[in-house]
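**Student:** Just dropping this structure here.
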Amino acid sequence: MLTLFGFIAVTIMFLSYWLEGRSKWMVLLFAGGSALTSVYSALAAVYPITIVEGLWSVVALRRFLLRYRRERLEWAQR
């Protein structure tokens, strides 16, 4: 069951990264996938990966927020 969880988490990361140019929401989904992968690696006791994936999640969340604000400003200027 843990392997299935990890597979789903990594698949979410892969697909959202692949499609992130299409929508800011894919960047947010990537952040969520990274967080899920971090949880998976913690459950599997692979702590270095837990830390790296947690950091990826924070970086992706920041990228989402910056893109969201930029698009919101661009829309407001129209």
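**Student:** Can you tell me which residues in the stretch 54-78 are free of Cβ contacts under 8 Å to residues at least 24 places away in the same chain, part of a helix (DSSP H, G or I) and more than 19 Å from residue 11 (Cα to Cα)?
**Tutor:** If the condition is that a residue be free of Cβ contacts under 8 Å to residues at least 24 places away in the same chain, part of a helix (DSSP H, G or I) and more than 19 Å from residue 11 (Cα to Cα), then 62, 65, 66, 69, 70, 72, 73, 74, 75, 76 are the ones that fit.
**Student:** Continuing with this model, one more query. Restricting attention to the stretch 21-45, which residues are surrounded by fewer than 15 Cβ atoms within 10 Å (Cβ to Cβ) and under 16 Å from residue 10 (Cβ atoms)?
**Tutor:** Result: 43, 44.
**Student:** Sort out which residues of the stretch 55-68 are surrounded by 17 or more Cβ atoms within 10 Å (Cβ to Cβ) and within 21 Å of residue 7 (Cα to Cα), and write them in order of number.
**Tutor:** 56, 57, 60
**Student:** If I ask for residues that are polar (S, T, N, Q) and farther than 18 Å from residue 30 by Cβ, which ones from the stretch 42-78 would you list?
**Tutor:** Matches in the stretch 42-78: 77 only.
**Student:** Would you be able to tell me the number of residues in the stretch 10-22 that are over 9 Å from the mean Cα position of the chain (by Cα) and modelled with pLDDT of 95 or more?
**Tutor:** Result for the stretch 10-22: 6.
**Student:** Just need a number here: residues in the stretch 1-53 that are part of a loop (DSSP other than H, G, I, E, B) and closer than 20 Å to residue 69 by Cα.
**Tutor:** Final tally of qualifying residues: 5.
The values are calculated or read from the model by the stated rules, or taken from the named source; none is laboratory data. Predicted, not measured: the structure shown is a model, and the values here were computed from it. Counting neighbours? That spans all protein chains shown, and the Cβs are built from the backbone with ideal geometry, glycine included.
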